[in-house]
Each structure stands twice: as structure tokens, then as C-alpha cells.
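Working notes, structure below.
The values are calculated or read from the model by the stated rules, or taken from the named source; none is laboratory data. These figures come from a predicted structure and were not determined experimentally. We place every Cβ from the backbone using ideal geometry, glycine too, and count neighbours over all the protein chains shown.
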């Protein structure tokens, strides 16, 4: 029985991997087929590859703008949220703040409410409250970056806090005895040791901002519209352009896959950092 367990484990993980990757493969098959073939010869096998869907998407100036917006908004939000979460976790970990556990729990509760609950309040804030002359937060990149902080910052604090708590306070004290200031302790001691956790927080926050649809579809119209909301433009009263939508979906997967492959080592280290204490 013990000899069969590795083989059984390999078979189970292989089947699970195939079941997970099959929707992506099927999406790729749809993206490289003409519209006529999708309804006449639906098959999971590739007979011919039709690249025109990708050519049309990559040569579309509107979709190019949406892609640039997604990159700027996701990257800006991820960097801002990670820095704010790092400072918040350092304060919660190193200072004896009154009721800091209640503050931490209250922060997490902000992530529990569905995004649809905030649609109307945010719409009013973006279009009527935060206005300077003709400038509004509505349909702006900075507005979307700040908006996503509402939902990603609580998650980032929850993800990063175990990493900061896992760094011994004695290192802070030793650096302070050597004459280091608080800023030097944070930048020279805490920050380098927290890199795995920061990498995890940065990547997961980036992915959440990249994939978000509901808020972006409501609070943007053209200037700050993201690539995920651009998919809805191909669902019209005259029909749905499945090939184009599938090709856009495949293109949006590529940046996330590249980033995950590059920082995979840091992600694994960050998820396990501080999990075991002596």
C-alpha cells in the first residue's frame, strides 16, 4: 500500500491539473477558431489555427488603451497598497497601540462586504463630492487606484501581518542600540527580511486589481476603462463575438502568468514565512 501511494498521488494530481487547465485550453481553442467553426464543428481539438482574432485585438487602439489603463491602475494600486500595508503592519506589530487587535479586526471586516454594496456611495463620491472644477475622480486612473485601496488594503494587511510578526523584535532593539533610527530600522532591517511577504502581497493585490470588473464597469466610461470591462463591449444585441472575447481573455492571462512565474520562489517563501515558530 505504501508503494502505491506515490503513484496514486501522481495520478490524482495529474487529473486535478488537467481539470484545472482544461478551461484555459478550451478558451484558447475558441480564440483561434473562426466564428462559423464555433457553431458548426465544436471540438476540443485544433484542426486549423485562426490568428485573426488576436491580430484584430492587438491592432485595436481602444483595446490597447484599455490594456495600458489596466497595467497602470493595477501596478499603481499594488505598490500603494503594499507600502501602506507594510507601514500598518509594522505599527500593529511593534507598538503597543490601545485596542490594536480591534483595529486589525475592524480593518478585515471592511473586506467582508461585497463590492456591490459600495457602488452607489462610490458613484456619488466620484461624480459629485470629490470634484475640483471640471475635474472629477470618475473615469480617472488615480480614482481607480484609490478606489481599489478600499478593498485590497484590508486583505494586504491580513496577508502581510504574519510576516512582520515573524521578524524578532530583538533585531529592532539591536539596531537601535547601534544607533539606528526608526526609519533605518524599517528600511535596513525589517524591509529586507519581509521581502517574501511583500512579494506575495504585491502580486495578489495586483491580480485582484487586474481582474476586477464590477467597479471598473460602473465608475469608468472610456479614459480609465480597463481591459476586463472591454470584454463586455463584444456582447451586443446582434450577437456575441466569442472568438474576440476569448482572445482578449487569453491576452489578459499572460501578464499574470509571467509575473507569477518570475516571483514564484518569493511567493512560496512568503506564504510559509512565520508559519512555524519554536
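Here the helices (runs of 4 or more DSSP H) wholly within the stretch 179-220 that include at least 2 residues being under 19 Å from the mean Cα position of the chain (by Cα) are 195-211, 214-219.
Suppose the filter is in contact with a strand residue (DSSP E or B) (Cβ under 8 Å, 6 or more places away or on another chain), surrounded by 14 or more Cβ atoms within 10 Å (Cβ to Cβ) and in a helix (DSSP H, G or I); does residue 126 pass it? The answer is yes for residue 126.
Screening 62, 14, 20 for residues that are in a helix (DSSP H, G or I), in the same structural domain as residue 139 (by TED's automatic domain parsing) and surrounded by fewer than 17 Cβ atoms within 10 Å (Cβ to Cβ) leaves exactly one candidate, 62.
Every condition in (1) in contact (Cβ under 8 Å) with a residue 24 or more places away in the chain; (2) loosely packed, with under 14 Cβ neighbours inside 10 Å; (3) in a helix (DSSP H, G or I) is met by residue 153 except one, and the failing one is (2). The set of residues in the stretch 162-172 being part of a helix (DSSP H, G or I) and touching a helix residue (DSSP H, G or I) at 6+ places or on another chain (Cβ under 9 Å) consists of 162, 163, 164, 165, 169, 171, 172. Exactly one residue among 226, 220, 201 is buried (at least 21 other Cβ atoms within 10 Å of the Cβ), at pLDDT 85 or above and within 28 Å of residue 30 (Cα to Cα), and that residue is 226.
Of the residues making up the stretch 94-112, those that are at pLDDT 80 or above, within 26 Å of the chain's Cα centre (by Cα) and either part of a loop (DSSP other than H, G, I, E, B) or under 26 Å from residue 227 (Cα atoms) (or both) number 1. Going residue by residue through the stretch 44-57, is there one that turns out to be out of contact with any helix residue (DSSP H, G or I) (no Cβ under 6 Å at 6 or more places or on another chain), touching a residue at least 60 places away in the same chain (Cβ under 8 Å) and within 16 Å of residue 227 (Cα to Cα)? Checked against the condition, which is being out of contact with any helix residue (DSSP H, G or I) (no Cβ under 6 Å at 6 or more places or on another chain), touching a residue at least 60 places away in the same chain (Cβ under 8 Å) and within 16 Å of residue 227 (Cα to Cα), the stretch 44-57 yields at least one hit. Against the numbered list (1) in contact with a helix residue (DSSP H, G or I) (Cβ under 7 Å, 6 or more places away or on another chain); (2) surrounded by fewer than 17 Cβ atoms within 10 Å (Cβ to Cβ); (3) over 30 Å from residue 88 (Cβ atoms), residue 242 comes up short only at (2). Go through the residues of the stretch 38-54 one by one and say whether even a single one is surrounded by 16 or more Cβ atoms within 10 Å (Cβ to Cβ), at pLDDT 85 or above and part of a helix (DSSP H, G or I). Yes: the stretch 38-54 contains one or more residues that are surrounded by 16 or more Cβ atoms within 10 Å (Cβ to Cβ), at pLDDT 85 or above and part of a helix (DSSP H, G or I). Every listed requirement among (1) surrounded by fewer than 18 Cβ atoms within 10 Å (Cβ to Cβ); (2) in a helix (DSSP H, G or I); (3) modelled with pLDDT of 85 or more is met by residue 159 save one, (1).
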